[in-house]
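These notes are about the structure you will find just below.
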Amino acid sequence: MKLIKYFFQFLFIIFFFSLFKIFGFKISSKIGGKLFEIIGPVFRSKKLIHTNIKKAFPKNNSVEIKKLTKLMWNNYGRVFAEYMFIKDFRFEKIDSKIEIVGQEILDEIKKSNKPVVFISGHFSNFELMAMQIEKAGIELSAIYRPLNNIFLNRIMEKIRKKYICRNQIKKGIAGTRELIKFQRNNYSIALMIDQRVSEGKKVNFFNQEAYTTTIPAQLAKKFDMPIVPIFIERVNDTNFKIKISKPINFLKSDSIKDITSKLNVIIEEMILKNPTQWIWSHNRWK
């Protein structure tokens, strides 16, 4: 039954991807945003989204929450439409400006040839971050979670490996072994740390405990790898600003939980900067 459901989802998405290619980047991004404002609430629980927002913004009233939700779906829909133009982003063939704040930090990381851990969350068009790191000449591997839809996942993996980051590591035990192999070959690691992971630790996130990945903390402790927060923000609908923060070197005395907790605070600050561009539909506090 699931396969049938996934197949029809796949056909639905391919149909829109084909239309987007015809309409072009800017129009497609706008259509995708408006489309998700309509269909997003059908596929994801409005109650869950509003509950999540309340955890971060307990003083927000219902009007403010509805507005934030609508803008979130708009951004999510734009990301969906923009997948069709990832190749054009890579080779700068579309009318979209990506401003890098902290390019000198990327240059220094490349020059030092010492691997770091890039951490971020699902903000704006999050796929562009790993792409820009790799384009800066840094040897990079990125951890990702395969999509449940096996038909769509094949396409997404192909897009990611070809145009975003060629070294994609699947989340899981086998992926952990691959991650260590890349690290030993001086590859930096990029991963999102804002979603719930059952194998993580319960760490405070917006004043409530939430299962959080400890991979960055483990890499920092075991291999003395600096951690580099990176944040992307959508500007004027189809332009982007990526901020590279200075590398953080944690102390040997810092525990895995201490490091993970500090990283969660960084993610919180990113969310607070522009909450409409974070994906609130994930069951973060389950």
For the stretch 95-173, listing trypsin sites (Lys or Arg not before Pro) in a DSSP loop whose Cβ sees at most 16 other Cβ atoms within 10 Å gives LYS97, ARG166
The exposure ranking of ASP224, ASP88, fewest beta-carbon neighbours within 10 Å first, is ASP224, ASP88
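Tally Lys and Arg at +1 and Asp and Glu at -1 over the other residues with C-beta under 9 Å from the C-beta of GLY32: what net charge comes out?
+2
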Beyond 27 Å (Cα-Cα) in this structure, taken from LYS59/LYS262; LYS87/LYS110; LYS30/LYS87; LYS2/LYS54; LYS34/LYS54, we find LYS2/LYS54
Residues other than GLU233 with Cβ under 11 Å of its Cβ, Lys/Arg counted +1 and Asp/Glu -1, net out at +3
When GLU157, GLU104 are arranged by how many other beta-carbons sit within 10 Å of their Cβ, fewest first, they go GLU104, GLU157
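Please grab the % of Cα pairs in the stretch 1-129 that end up more than 17 Å from each other.
Across the stretch 1-129, Cα pairs with separations above 17 Å total 70 percent.
Give a quick list of trypsin sites (Lys or Arg not before Pro) in the stretch 221-281 that DSSP marks as loop, anything other than H, G, I, E or B, with at most 16 other Cβ atoms within 10 Å.
Of the trypsin sites (Lys or Arg not before Pro), the ones in loops of the stretch 221-281 whose Cβ has at most 16 other Cβ atoms within 10 Å are LYS252.
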Assertion target for THR238, THR176, ordered by fewest C-beta neighbours within 10 angstrom first, is THR176, THR238
For Rg/Rh (Cα atoms, Kirkwood Rh), with candidates [x] 1.09; [y] 0.97; [z] 0.95, the value calculated from the shown model is option [z]
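Throughout, read-outs are computed from the coordinates displayed, never taken from laboratory work. Note that the structure is predicted; figures quoted are calculated from it, not measured. Virtual Cβ from ideal backbone geometry, glycine too; neighbours counted across all protein chains shown.
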